[in-house]
Amino acid sequence: MTPLEVLRRYQAHDYTLLGVLASRARAIPEHSFMEFGDARLTYSQTLARVHEAMALLAAKGVKPGDRVAVMSHNHPATVILFVALASIGAIMVGLNPDFGEKEARYVLDHSQSSGIICSPAALPTAEAVVGTLPARPWIMTNTANFAALGKQHSAPVPIGRADDACIIIYTSGTTGYPKGVIHSQNSVVLAGEGFVRRMHLQPEERLLCILPMFHVNAIFYSLFGTIAAGATLLLEEKFSASNFWKTVAARKATETNTIAVVMNILMRRSREEFVAGHTLRKIYGAPFSPEIYHVYEEEFGVPHLIEGYGMSEVPGACSNPFDGERRKGAMGKPSLHPDPTVNLAEVRIVDDDSNEVPVGTTGEIVVRTPTIMKGYYRDPEATAAAFRNGFFLTGDLGWMDADGYLWFVARKKDVIRRRGENISGAEIDLVAGDHPEVVEAAAIGVPAELGEDEVLLAVVKKTGSTLTEHALAQWCRARLAPFKVPRYVLFVDALPHTPTHRIAKFEMRKDPTLKLRAVDLAQ
C-alpha cells in the first residue's frame, strides 16, 4: 500500500494521542500493538490500559497542565502513561534513568514535576532527590498495577486537545543546563504519520525500538510511526550489541531506527553474532558512512538504509526519499506527509542575516514545520532567540545542492555528540570548574573510533596542585551521568581566549595534538 492508503485504512481522528490510538483500536482491536519480552498487548488492550492509567493519575491528583516525570528505560508503561497523561491534559517529562542526583534534581525542579514514575532501578535516585524539591512530588514505580491502584476511581473524560502540550524532552544546549523542549499532541501525531511516508511503513511492519523513549526518535518515529501505520512495536529495554541480530531474528523485526555509533558497533563485532535469514529490511538513522552502506547492504542484507535530519525541536525535518533517488551521505529532502498536499517541513540555508545563500554555499540550517516545538519550557528568552522570521535556527551548518538535497557540515553549537547523546560541553565545564584545584576547564568533542565524538577535557590547575587526571575524572563521575564523563583529560598551562575573555573552543578544536597529549582514561 502507499503511505496514504495505509493511513486511510483507519477512521479519521482529532490528532490527539488518544484519538489516533482509539482509531486503530476500533479498526484492528486484536492486532498486536506492543511486544516487550514475553508480554504482548493488542491495540484494544493497550487502549484499556490507558484508561486504567487515566483513573490512577486522576486519583493521584494530576490535573490539566501538570508535569509528571517518567524516569525509566524502555517499558510498556511509558507508552501507556504518555497517552494517559496527554488525555487528561497533563504533560510527560522524559527523564534519563541513568542521571545522577544533581542532573535529576535540575530537571525535576525546572519542570516542576508533581509526580515521578520510575523504574525500580531509578527509585533510589528519585527518593534521594524528592526531599530537596519545593514541590515534593509523589513517587511510584512503573511496575505497579495501574488497574488495581486506580480501581476506586473511574477514568476521567478525555480533555486533551491536539494543540495542547503533551511532552517535554530535555536536551542539552550550550548554556550549561538542559532546555525543556515542549511539543504538542498534534506535533507527535504528524511526525508519526510523516514517518509512515519516510519509511513506507505497512500494517504488517514490526518496528524494533532500541533507542530510549526519553528522546525524540523513539517517541515520534518508532512509537507513533507504529501507531499511525497500525503496525507492531517491538520494545527493547535498551540496546544490546551482542544480542541485536538474535533479537531481530527471534522477533521477526522488519524496521529499526539507529544512530551512527550503533551501526559502527554492530559492524565491528564478530560475525558469529550475525543471524543469516533475518527479516530486517529497513533502517532509519544518520549519518551513514560509505562503509556502513557497504556492510549493511552487501554483507548484512538490509536493502533500505534511509538517512535523515532532525532535532528535538524539529523532528523529522528531512530524509532521503524511500521511493526516489537516495544520495548517500546527504540528509535528504524536506519531509512530506502521506497526504501530498501537506508539506511537513520547509528547510533553508541562510547567512548570519537570515538571507538565503546560493546553492552549494554553506550556511545555517533553518526549519519551519508543523512538527516544530511549542517552545522551551520556562525560558521565553531562549524560545524567542531560537526563531527568526518563523523559522527555527538549528545552529547547524549545511548546504543544499541544486536538486534540493541537504548536506550536513558541522554543528555551530557547543554540543558533543557521544553514543547517540547530545552533551553540553558547557555543563562539563561547570562541573570540572567546581573542583577546588581547577582554575579553568573546557570540554570539546574529539573524533571517536566508532563515529561521533568522545569528550576531551582540557584543564588549567591551580599552582601547586597535585590533582591527577583520574581524580578529576572521578570528580566528574560523581556529578555527571556516565555518558558525559570525559574520556580524555589534559592538563595545560593556559587555554585560548577570545577578546571578550571567553574560552575559544574553536581554537582548541583546530589543535590535533590535544588528543595525542591527553591521558586516555579508557586505557
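All of the numbers you see were taken from the coordinates with simple rules; none came from a lab. Keep in mind that this is a model prediction, so the values were computed, not measured. No Cβ is skipped: glycine too gets one built from the backbone with ideal geometry, and neighbour counts run over all protein chains shown.
Worth pointing out:
- Under 13 Å from the A148 label point (7 Å along Cα→beta-carbon), backbone N, segment 45-61: none
- Annotation: extensible slack from L430 through Q45 equals 133.9 nm (criterion: 0.36 nm per residue apart, minus Cα-Cα distance).
- Sorting the segments 438-445, 43-50, 1-8 by their mean number of nearby beta carbons within 10 angstrom, highest to lowest, gives 438-445, 43-50, 1-8.
- For segment 182-198, the Karplus equation 6.51 cos²θ - 1.76 cosθ + 1.60, evaluated at θ = phi - 60°, returns couplings of 9, 10, 8, 4, 4, 4, 5, 5, 4, 5, x, 5, x, 5, 4, 5, 4 Hz by residue, with Gly and Pro reported as x.
- Available extension along the chain between A384 and E437 is 15.3 nm, counting 0.36 nm per residue and deducting the alpha carbon span.
- Hydrodynamic radius of segment 415-520 per Kirkwood, over alpha carbon pairs, in Å: 13.8 Å
- Cα convex hull volume per residue for the chain (Å³): 155 Å³
- Peptides 349-356, 504-511 ranked from most to least packed give 504-511, 349-356, packing being the mean of other C-beta atoms within 10 angstrom over each peptide's residues.
- Long-range HN-HN contacts of V438 with modeled amide H, under 5 Å: K462
- Rounded to the nearest 20 debye, the dipole magnitude of segment 415-520 is 80 debye, with +1 charges on Lys and Arg beta carbons, -1 on Asp and Glu beta carbons, and the Cα centre as origin.
- Across the chain, the relative contact order, built from alpha-carbon pairs under 8 Å that are at least six residues apart, equals 12 percent.
- Given +1 at the Cβ of Lys and Arg, -1 at the Cβ of Asp and Glu and no other charges, the dipole of segment 99-252 around its Cα centre is 220 debye to the nearest 20.
- Within the straight-line cut-off of under 14 Å between alpha carbons, the aspartates and glutamates reachable from K333 are E307, D323, E325, E346, D401, D403, sequence neighbours fewer than 8 places apart in one chain being disregarded.
- Amide N proximity, segment 505-523 versus A471 label position 7 Å along Cα-to-Cβ, cut-off under 18 Å: 519-521
- Think of segment 305-444 as having a plus end and a minus end, set by charges on the Cβ of Lys, Arg, Asp and Glu; of T341, A442, G390, T341 sits farthest toward the positive end of this dipole.
- Each label was represented as a point 7 Å from its Cα along the Cα-to-Cβ direction; for D14 and A402 these points are 5.1 nm apart.
- Simple point charges give the picture: +1 on the Cβ of Lys and Arg, -1 on the Cβ of Asp and Glu, and for the chain a dipole about the Cα centre of about 880 debye.
- Under the simplified labelling scheme, the I139-D339 pair shows an inter-label distance of 4.6 nm, with each label point 7 Å from Cα along Cα→Cβ.
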